[in-house]
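The structure appears below as C-alpha cells.
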Amino acid sequence: QHCFTKSPDGFLYCEDTKVQDIMEKVEKRPFYLYSKPQITRNVEAYKEALEGLKNSIIGYAIKANNNLKILQHLRKLGCGAVLVSGNELKLALHAGFDPTKGRTIYTVLSPVGLLSPDSVESLTGFTKWELSPTMPKCIFNGNGKILEDLILAAQEGVFVNVDSEFDLENIVTAAKVAGRKVNVLLRINPDVDPQVHPYVATGNKNSKFGIRNEKLQWFLDAVKAHPNELKLVGAHCHLGSTITKVDIFRDAAVLMVNYIDEIRAQGFEVDYLNIGGGLGIDYYHSGAVLPTPRDLIDTVRELVLSRNLNLVIEPGRSLIANTCCLVNRVTGVKTNGTKNFIVIDGSMAELIRPSLYDAYQHIELVSPTPPDAEVSTFDVVGPVCESADFLGKERELQTPAKGTGLVVHDAGAYCMSMASTYNLKMRPPEYWVEEDGSVTRIRHGETFEDHIRFFEGL
Ligand code: LLP
C-alpha cells in the first residue's frame, strides 16, 4: 500500500484525501505534504524485517529529514537517531530520543496494530519486536565532528563512530571533559563500490569517510591506551546512498564480521555491527522490483547471528522519502526553440536533488487536464535564476493550465532538509495527512519577516 494514488478520474490522493482539496485549504505557495500512516508503515516494515534479531537498532538518519513532529513520531515507533552534528543531537533530545537507554518497544504485528508497551506486556501469543532496555539509541557520525559537539555527545552517553586519528584524539578529550567513558565504534571503510552517483558514495577507497582497514591496528592500540576514556563496542560502515542491490551490503557485512573477528581476537568485547544506511527506493515509479528492508536484513541475518552481534542500521531515505511530495502550482507554460517548459512556483531552492545529482524524481499533475490537452515533452523548471533550476527533464505530461497542481514525488528525504532560501524563496511549510484523514501543519513556512529578523539590532 502506498500513500499517493491516482483515482480513475485523474485526481491525486494522499491516503484518502484529494491533494487538490488540500491545496485549496493551505497557503498559496509550494509545500511539502506527508502521509503520517506511510511513515508508520515504513518503520513497521523494518521492524518486521528485524524480527529474530535481538537488540537491533533502527537508527534513523536525521539528516534525511529533521522535522520535529516527524522525529517525535519516529521515536514513538521505536527508532533511534543517527546524528551528524551537535545540533542534530540537540534536536534528537528535544524530540525525546533517549541517547543512552532504549525503552522496550513492542509491536504487535496485526491485526491489532500498534499497542502501547504497557498493554502489550499482558498479551501473549503475538510476535513481539523488542529493543533491549539497556540499549543506547543515538549514534554520532561524521568525519569532522568538532570538540564541542563531542563533549555534548560524551555527556549524553551517545555512541560515537570514530572516523580518523584526530577524531579519536578529540573523543578522548571529550571523554575527559565530560568525565565519562565514551562507547565507540570504529568506522571502517570497507572499500566496496556501492554503484551509485559519486556524490553519494562513501564506502569506497578514496572517500573522505572512515578509516582504512590497514590502519585498524593503530586504532585498536589507541583504544587500549585509553581505558578510562574509550570503550570499543563495535564496528561501523556506511557504503553510500540509493543502493539498489543488497549483495553490496552482504559483501560489506562479510568484510565487517571478519574485522570484528580480528578485533575480538585481541580481547575486545564488541557486540555491535553497524552496517549504516543506504537502501535505495523506486524513484522512477517504474514498477521495478527493488530490494525491501526485509531483503536487506535477510542478506546479513545469518552473519549477524553467527557472531552473536547486535545489528545497527541507519536508514534515512528508505524510511522517509516515499512518504512525501512537494506540491507546486503551475505558473505557466512556454516554448523556446525546440524546448517546452512547465514553469512552477517550486524550485531548486525547495528541492535540490535533480540539480545537484541529476536525480530523477517522478512528477505528476494533481488533477485531470481537459481531455483535449496536448501531451508534450516538458522540462519542469522553477523561477530561480540558474539554468540548473529544474525539477525534471523531458517529462511526458499533458499541457497544464495555469494554477494546476504539480507534485514532485519521493520528496521526504534530503529535500526539505537540503532546502535553501536562494533568491529569497523562503523554505516551505510542511503538512501531513493523519490516520483519520485530517491535514495538519507540522512546520511553518519561512517568511520574509524571518529573513529580516537576522538583521535586527545590527
Ligand atoms: N549513515 C551515514 C553514516 C550516512 O552518511 C548516511 C547518509 C545515512 C546513514 C543514511 O543514508 P540513507 O539511508 O538515507 O541513504 N543528499 C543525498 C544523500 C546523502 C546521504 C548522506 N549520508 C541525496 O539527496 O541523495
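For every residue, the table says whether it meets (1) of a type in the set (D, E, K, R); (2) more than 22 Å from Leu319 (Cβ to Cβ); (3) open to solvent by 50 Å² or more (accessible area, probe 1.4 Å).
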residue: Ile211; (1), (2), (3): no, yes, no
residue: Lys224; (1), (2), (3): yes, yes, yes
residue: Leu255; (1), (2), (3): no, yes, yes
residue: Glu262; (1), (2), (3): yes, yes, yes
residue: Ala265; (1), (2), (3): no, yes, yes
Seminar exercise, completed: Residue pairs qualifying under the 9 Å Cβ cut-off, at least six apart or on distinct chains, with the first in segment 304-325 being more than 8 Å from the ligand (Cβ to nearest atom) and the second being among the basic types (Lys, Arg), are Arg307/Arg264; Asn310/Lys54; Leu311/Arg301; Thr323/Lys36; Thr323/Arg41
Exercise. So, in segment 407-458, of the ones that are open to solvent by less than 50 Å² (accessible area, probe 1.4 Å) and touching a Cys at 6+ places or on another chain (Cβ under 7 Å), which residue ends up nearest to Arg29 (Cα to Cα)?
Worked result: Val407
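Of the residues Val384, Val380, which is open to solvent by less than 40 Å² (accessible area, probe 1.4 Å) and assigned to a loop (DSSP other than H, G, I, E, B)? So that I can check it myself, show each step before the final result.
Numbers: Val380 fails: assigned to a loop (DSSP other than H, G, I, E, B).
It is Val384.
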Problem set entry | Residues that are surrounded by fewer than 17 Cβ atoms within 10 Å (Cβ to Cβ) and within 14 Å of the ligand (Cβ to nearest atom), drawn from segment 187-199 | Gln195, His197, Pro198, Tyr199
Exercise. If you check Gly437 against the conditions, is it out of contact with any helix residue (DSSP H, G or I) (no Cβ under 9 Å at 6 or more places or on another chain) and within 28 Å of Asp282 (Cβ to Cβ)?
Worked result: yes
Problem set entry | Scan of segment 6-35 for residues that are touching a Ser or Thr at 6+ places or on another chain (Cβ under 9 Å) and open to solvent by 30 Å² or more (accessible area, probe 1.4 Å), ordered by number | Phe11, Tyr13, Glu15, Lys18, Gln20
Problem set entry | Filtered residue count, segment 56-85, keeping only those that are assigned to a helix (DSSP H, G or I) and within 16 Å of the ligand (Cβ to nearest atom) | 6
Exercise. Do we have any residue at all in segment 245-253 that's within 16 Å of the ligand (Cβ to nearest atom), under 25 Å from the mean Cα position of the chain (by Cα), open to solvent by less than 30 Å² (accessible area, probe 1.4 Å) and β-branched (Val, Ile, Thr)?
Worked result: yes
For this session: Take Thr299 and decide whether it is within 16 Å of the ligand (Cβ to nearest atom) and open to solvent by 60 Å² or more (accessible area, probe 1.4 Å).
Result: no
For this session: Take segment 272-286 and flag every residue that is free of Cβ contacts under 8 Å to residues at least 60 places away in the same chain and under 12 Å from Leu186 (Cα atoms).
Result: Leu273, Ile275
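Out of Cys3, Cys79, report the one residue that is at pLDDT below 95 and open to solvent by less than 10 Å² (accessible area, probe 1.4 Å). Before the answer, list the steps.
On the way: Cys3 fails: at pLDDT below 95.
Exactly one of Cys3, Cys79 is at pLDDT below 95 and open to solvent by less than 10 Å² (accessible area, probe 1.4 Å), namely Cys79.
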Exercise. If a residue has to be within 16 Å of the ligand (Cβ to nearest atom), farther than 26 Å from Glu15 by Cβ and of a type in the set (A, V, I, L, M) to count, how many in segment 351-390 make the cut?
Worked result: 3
For this session: Kindly indicate which of Lys36, Lys63 is in contact with a His (Cβ under 7 Å, 6 or more places away or on another chain) and touching a residue at least 60 places away in the same chain (Cβ under 8 Å).
Result: Lys36
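Which of the residues belonging to segment 306-333 are hydrophobic (A, V, I, L, M, F, W, C) and open to solvent by 20 Å² or more (accessible area, probe 1.4 Å)?
As a first pass, look at segment 306-333 and keep what is hydrophobic (A, V, I, L, M, F, W, C): 309, 311-313, 319-321, 324-327, 330, 333.
Correct list: Val333 only.
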Exercise. How many residues are free of Cβ contacts under 8 Å to residues at least 40 places away in the same chain and either over 24 Å from Leu273 (Cβ atoms) or part of a helix (DSSP H, G or I) (or both) when one looks only at segment 146-179?
Worked result: 14
For this session: Report, ordered by the first and then the second residue, all pairs with beta carbons closer than 6 Å, sequence separation of six or more or different chains, a first member in segment 226-244 that is under 16 Å from Leu150 (Cβ atoms) and more than 9 Å from the ligand (Cβ to nearest atom), and a second member that is among the charged types (D, E, K, R) and not in a strand (DSSP E or B).
Result: Lys231/Lys181
Exercise. Hey, among the residues in segment 36-61 that are within 11 Å of Gly78 (Cα to Cα) and among the charged types (D, E, K, R), which one's least open to solvent (accessible area, probe 1.4 Å)?
Worked result: Lys47
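Tell me which residues, restricted to segment 200-214, are aliphatic (A, V, I, L, M) and either within 9 Å of the ligand (Cβ to nearest atom) or in contact with a Ser or Thr (Cβ under 6 Å, 6 or more places away or on another chain) (or both).
Of all residues in segment 200-214, those aliphatic (A, V, I, L, M) come to 200-201, 211.
Scanning segment 200-214 gives a single hit, Val200.
The values are calculated or read from the model by the stated rules, or taken from the named source; none is laboratory data. The model shown is predicted, which means the values in this text are computed figures rather than measured ones. Virtual Cβ from ideal backbone geometry, glycine too; neighbours counted across all protein chains shown. Accessible surface is based on the protein model in full, side chains and every heavy atom, while ligands, DNA and RNA are left aside. Shrake-Rupley method; radii C 1.70, N 1.55, O 1.52, S 1.80 Å.
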